[in-house]
Amino acid sequence: MKLGETLNILLRNGRILDPSSERDFCSDLLILDGRIRELAPRISVGAELLREVQVFDVEGKWIMPGMLDMHVHLREPGEEYKETIATGTRAAAAGGFAAVACMPNTKPVNDSAAVTTYILNRAREEGFCFVYPVGAISRGLQGQDLAEFGELRDAGAVAVTDDGRPVMNSLMMRRALEYARAFDLTVISHAEDLSLADGGVMNEGPVSTLLGLRGIPRAAEEVMVARDLLLAEMTRGKIHIAHVSTAGSVRLIREAKARGVPVTAETAPHYFTLTDDALMTFDAVYKVNPPLRRPEDVRAIQEGLADGTLDAIATDHAPHSILEKDTELDLAANGMIGLESAVPLLLDLVRQDILTPLQAAAKTSLSPARILGLPFGAFRVGSPAHVTVIDPDAKFILDCHTFQSKSRNCPFHGRQVQGQVLMTIVDGRMAFSRMSP
């Protein structure tokens, strides 16, 4: 990674949020040679050592395990004009993320060890945080032949998905769940029935009718969620439902969990923040798949996060250039960037008493780490330091023109927000900082 030397840092008077131990307490945190050495209410450092340690007073600030975004699009290889591994991981670090899992819909598709290895090599050379590739379910994302899951896993893939395109063939999805189970891989479902979506550009409802735009019904998502839950129940393969957007999907997942189905699920900040009313502007920055839904769906998503039905919050960071976005809605690409706007939107849930600070930390670190089987989401003495420091009170205006991402398709540009990332430490090295000792 393109980071400096390992750190010697003392963070004083911070609020430690450790979801792995379910502890929320005030403490100092000492990092020596890039590893967590001590957590205590008041850490004493000898004068000789103190000369080698940078001390930061973070009173009133949150100290969380380094966040993990389990659903991003880095666009490399193939569409580097939108984003690269270097710019995407720099954006991730600026957004508080110590690691990201990148989707396979690159050009070429990540359906082989060669592409997985290329991504990992580029991340080692150019990355500002850890990158974990997700392999394709089917070759070329065509939904016809399964990719070689064993080869992908051995090369470093942490899950499989055809994200961006659904696996329409139910037998193919059954085989994928069975095959993935043999390699202890999670199958990530892009739940969309293309025959029901049928070229829609936004949520089907009063707003689409008013605007005269073709709509995508909630059932386009929910039918496929129901199918994949039933297949996971039958095969006992691990299924993860990506970018949940509807109340019906939340209900189906909640019921499946109650039955013991091995399912996890995520949503994204735009699904608990925005509604399809945003499309009244005809601005393609709000075009996303699945689409923004109605207020009752937003409430259901928030309730699903609060009660644990939805395990994780991921950004679905989807960078596009003005070539794909500065056009009419029918032709515009789906997707929004989200790595650098996620934290203040996450903290909105805390201020609304929907999530506790500890739950917010879990949804963005421990839970996605457990789903993917990765070593994040905990503070353990002796382990490499992955740390995110947040000022929950900082107020500012989101300005996408200051973002580290290469793309600017942010639906929250110009919004007054509260909650800012101050520091991101990745593997004991400084990946991003707004602070001085």
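A few remarks follow.
- As for segment 6-16, it holds no residue that is β-branched (Val, Ile, Thr), outside any strand (DSSP E or B) and without any contact (Cβ under 8 Å) to a residue 60 or more places away in the chain.
- Residue check, Asp198 modelled with pLDDT under 95 and in the same structural domain as Pro295 (by TED's automatic domain parsing): yes
- Of all residues in segment 179-194, those that are surrounded by fewer than 16 Cβ atoms within 10 Å (Cβ to Cβ), under 21 Å from Ile371 (Cβ atoms) and free of Cβ contacts under 8 Å to residues at least 60 places away in the same chain total 2.
- Spans of helices (runs of 4 or more DSSP H) in segment 311-423 with at least 1 residues surrounded by 23 or more Cβ atoms within 10 Å (Cβ to Cβ) and either in the same structural domain as Lys257 (by TED's automatic domain parsing) or in contact with a Leu (Cβ under 8 Å, 6 or more places away or on another chain) (or both): 342-351, 357-361, 367-372
- Residue match in segment 153-165 (condition: of a type in the set (Val, Ile, Thr), in contact with an Asp or Glu (Cβ under 8 Å, 6 or more places away or on another chain) and touching a residue at least 40 places away in the same chain (Cβ under 8 Å)): no
- Checked against the criterion of being on the phi < 0 side of the Ramachandran plot and in contact with a helix residue (DSSP H, G or I) (Cβ under 6 Å, 6 or more places away or on another chain), the candidates Leu329, Leu323 yield just one match: Leu329.
- Scanning segment 147-173 for residues that are touching a Ser or Thr at 6+ places or on another chain (Cβ under 6 Å) and surrounded by fewer than 23 Cβ atoms within 10 Å (Cβ to Cβ) returns Ala155, Gly156.
- Filtered residue count, segment 55-65, keeping only those that are assigned to a loop (DSSP other than H, G, I, E, B) and of a type in the set (Asp, Glu): 1
- Count of segment 32-54 residues which are assigned to a strand (DSSP E or B) and out of contact with any Asp or Glu (no Cβ under 9 Å at 6 or more places or on another chain): 4
- Any helices (runs of 4 or more DSSP H) falling wholly within segment 195-286 and containing at least 1 residues that are over 25 Å from Asp69 (Cα atoms) and touching a residue at least 60 places away in the same chain (Cβ under 8 Å): 206-211, 219-235
- For segment 210-217, the criterion of a residue being buried (at least 24 other Cβ atoms within 10 Å of the Cβ) and assigned by TED's automatic domain parsing to the domain that holds Ala191 is satisfied by at least one position.
The values are calculated or read from the model by the stated rules, or taken from the named source; none is laboratory data. Owing to the predicted nature of the structure, the values given are computational and were not obtained by experimental measurement. Cβ sites come from the backbone with ideal geometry, for glycine too, and all protein chains shown count toward neighbours.
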